[in-house]
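These notes are about the structure you will find just below.
FYI, it's all coordinate maths here, none of it is from the lab. These figures come from a predicted structure and were not determined experimentally. With ideal geometry, Cβ positions are generated from the backbone for all residues, glycine too; neighbour counts draw on all protein chains shown.
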Amino acid sequence: MRARRHLLTGLISALVVLFLWAPLVNAGINSFNRDILMAAWKGATLLWYRTALADTTVKAGLGQTITIGLATTGLSLALAVTGALWWRRATARGRRLFDLLTYLRIMMPEVVFAVALFLLFSKIGFPLGTLAVIIGHTVWNSAYAALIVQARVLTLDPALDDAAADLGASPWRVFRRVTIPGLLPGIAAAGLLAFTFSFDDVVTSYFLVGNQTAPLPVVLLSMIRFRITPEINAIGMMVMVFTVSLFGAAFLTVSRLGRGARRALSLPSLADQ
Amino acid sequence: MGPVQVRVAARGAGAVKGKVGRSIRAILALPTIGWVALFFAVPLVMVLVYSFATISLVTFNTTFGWTWSNYRQIFDHLYLDTFIRSVLLSVSATAGCLLLGFPLAYFISRQTPRRQRLLLVLVIVPFWTSFIVRTYAMENLLGPGGPVDHLARLLGFSQGLVLLYTPAAIGIGILYSYLPLMVLPIYVSLERIDAALLDAAWDLGALPRRAFWRVTVPLAAPGILVGCLIVGIPAMGEYVIPEVLGGGKTLMLGNVISEQFLSIGNAPFGSAIAVVLMLAMAAALFGLRRARKLEET
């Protein structure tokens with residue numbers, strides 16, 4: 001009876017994994033398909049990749065996405081690190097309130113938050129565009145970053161900071177030589193995630209970009225809405241490879257840097273403060 | 001100095017720093033608090049205020065006041081359909097995620113650690129793929145001449161099966177995009193279950209089916225609850241999936257909000273719908289807290 005149930009769950013699992021991959025594999029195959037209607041296989045071509053790479057809207061969109069992503073990452077990390085340093089020594093009550101703000105930002109349906117910010121900006125006359133999108137992305141990206149950096153802060157022993165201060169290091173030196181190295185894996189993972197989330201975002205960008213250069217996902221959304229071309233498959237595949245690598249890097253960073261940072265924090269390195 | 005003395009000295013230094021340090025530390029919370037207040041709290045309060053205002057669709061003048069007319073309008077026949085469709089689609093997509101996700105999470109949790117890692121990668125990589133790309137890939141799959149259409153013809157349906165631009169397509173799209181969000185928390189709670197508990201149940205004579213329903217499922221309940229919330233709540237306010245797979249009609253609340261703000265310019269009505277979605281989220285946060293309590297006990 002046990003074996004039979006494992007067979008059944010195994011079968012369902014195989015079908016579910018197939019379901020998760022089928023659309024992506026289909027889009028991947030069609031990105032090389034010569035048939036413009038994508039109805040049948042008419043031979044392999046790199047035409048769609050060439051079209052995509054030559055498309056100026058796509059190129060401008062990619063540049064815009066990267067600008068927004070980098071600025072969002074920097075701002076989110078600044079908020080998350082300062083917040084985590086406060087959180088580290090905050091009272092239980094303070095922590096709970098701070099965490100509530102974090103979870104509210106994560107759980108809020110994005111469309112609600114995006115129109116709210118759209119409403120604020122249009123009423124106070126703040127121009128929509130790149131800066132508006134960066135501000136919006138930072139609101140929810142800093143929440144994810146805060147969770148990751150705070151998780152890291154929990155593993156650090158505050159006595160290390162105190163010991164360094166006691167041995168004569170200035171507060172700035174303690175921060176730079178003890179706190180930051182300890183937080184580094186968290187900062188790296190949070191930064192990579194913030195960039196990837198920002199890179200992937202459609203809704204906040206769509207509402208706040210106004211009539212400035214649209215970031216890539218918004219470009220893709222309007223392409224999908226108005227015409228279907230195999231070019232989108234090619235862009236999709238390139239974006240997929242990029243975001244999967246970024247996420248993978250974020251994932252590996254946590255485990256890799258974890259060991260390195262622990263070594264850097266071991267007591268001998270404190271002696272040369 | 002021995003380690004104990006270092007600790008004592010350090011604590012002493014901390015106490016001295018405490019007086020000056022407290023105000024410095026408070027400053028550290030300011031960037032986050034300020035950002036959240038300015039760009040999160042203020043806009044949402046504005047939405048709340050606007051949801052009780054009225055707008056003249058001739059002059060576009062907003063009159064602030066306390067009227068429930070925007071909320072009543074949600075339940076007008078024109079928008080009631082959209083409201084019901086949003087609720088039904090998010091509930092059925094969540095149920096679908098649970099039905100497909102639980103067996104998969106269960107299967108993964110019963111494998112050797114090596115195979116668990118491999119299977120988790122297979123679940124996570126599609127989730128790491130760009131959201132818009134995944135939705136587009138689904139459009140390809142469900143469209144005319146796509147694989148689903150082909151398959152239906154092969155199975156003898158001469159008309160084929162074009163699901164694209166129907167509510168069913170939106171449901172499948174949500175199910176597809178959110179499925180990993182259901183699998184992961186359930187897997188985490190299943191993986192934590194002590195195998196000895198199941199052995200004990202069997203030793204005490206429980207049939208596997210009974211042990212499954214009386215031991216495994218209750219222990220996985222927190223994961224199931226978290227999965228249902230992180231799928232169901234964003235699904236209610238989904239914008240991109242109905243926009244792409246529903247063919248740009250105002251099929252869900254997220255699209256109505258967007259239309260009211262960006263095309264029609266009726267911010268008060270759009271705000272009222274936004275407030276309804278916020279209330280759904282508040283209910284979910286409350287549910288999450290209950291889930292955490294459940295986990296603690």
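Worth a mention:
- Divide the volume of the convex hull around the Cα atoms of segment B:72-296 by the residue count and you get 164 Å³ per residue.
- The dipole here belongs to the protein assembly as shown: it is taken about the Cα centre, uses +1 on the Cβ of Lys and Arg and -1 on the Cβ of Asp and Glu, and is about 1620 debye.
- Segment A:1-128: relative contact order in percent, alpha carbon pairs under 8 Å with at least 6 residues between: 8
- Label point distance in nm, residue B:193-residue A:46, each placed 7 Å from Cα along Cα→Cβ: 5.1
- Dimensions of segment A:21-66 based on its C-alpha atoms, expressed as ranges along the principal axes with the largest first, amount to 35, 23, 14 Å.
- For residue A:234, the shell of other residues with beta-carbons less than 13 Å away shows a net charge of 0, using +1 for Lys and Arg and -1 for Asp and Glu.
- Distances between placed amide hydrogens fall under 5 Å for residue B:55 paired with B:63, all partners being 5 or more residues away or on another chain.
- Taking all pairs of distinct alpha-carbon atoms in segment A:150-241, Kirkwood radius in angstrom: 16.9
- Charge sum, other residues only, whose C-beta stays under 12 Å from residue B:236's C-beta, Lys/Arg counted +1 and Asp/Glu -1: -1
- Dipole size of segment B:72-296 about its Cα centre, with +1 on Lys/Arg Cβ and -1 on Asp/Glu Cβ: approximately 520 debye, rounded to the nearest 20.
- For residue B:146, neighbours were defined as the other residues whose beta-carbon sits under 13 Å from its Cβ, and their charges (Lys and Arg +1, Asp and Glu -1) total -2.
- Kyte-Doolittle mean at least 0.5 and Cα axial length at least 24 Å: DSSP H helices in chain B: B:3-36, B:77-109, B:167-191, B:217-236, B:267-296
- By definition, a body whose alpha carbon gyration tensor gives a ≥ b ≥ c is prolate when a/c is 1.5 or more and a/b is larger than b/c, and segment A:57-183 fits this prolate description.
- The simple spin-label model puts a point 7 Å past each Cα toward its Cβ; for residue A:212 and residue B:30 those points are separated by 2.7 nm.
- Measuring r between the beta carbons of residue A:167 and residue A:92 and using R0 = 45 Å, the FRET efficiency lands at 0.90.
- The radius of gyration of the Cα set in segment A:132-204, together with its Dmax, comes out at 15.5, 51 angstrom.
- Sorted largest first, extent of chain A alpha carbons per principal axis (Å): 73, 66, 38
- Most fluctuating residue given options A:178, A:16, A:112, as computed from a GNM of chain A linking Cα atoms under 10 Å: A:16
- If you take the Cα centroid of segment B:120-153 and the Cα centroid of segment A:144-215, the two points sit 34 Å apart.
- Rel. contact order, % - alpha carbon contacts under 8 angstrom, at least six apart, segment A:47-271: 34
- In the elastic network of chain B, a GNM with C-alpha springs shorter than 10 Å, the most mobile of B:111, B:260, B:73 is B:111.
- Zero-based 20 Å bins, Cα pair distances in the protein assembly as shown, whole percents: 18, 49, 29, 4, 0
- Over chain B, relative contact order from alpha-carbon pairs under 8 Å, at least 6 apart, %: 24
- Under the combined filter of DSSP loop state and at most 10 neighbouring Cβ atoms within 10 Å, segment B:166-271 retains none of its trypsin sites (Lys or Arg not before Pro).
- Most fluctuating residue given options A:204, A:155, A:51, as computed from a GNM of chain A linking Cα atoms under 10 Å: A:155
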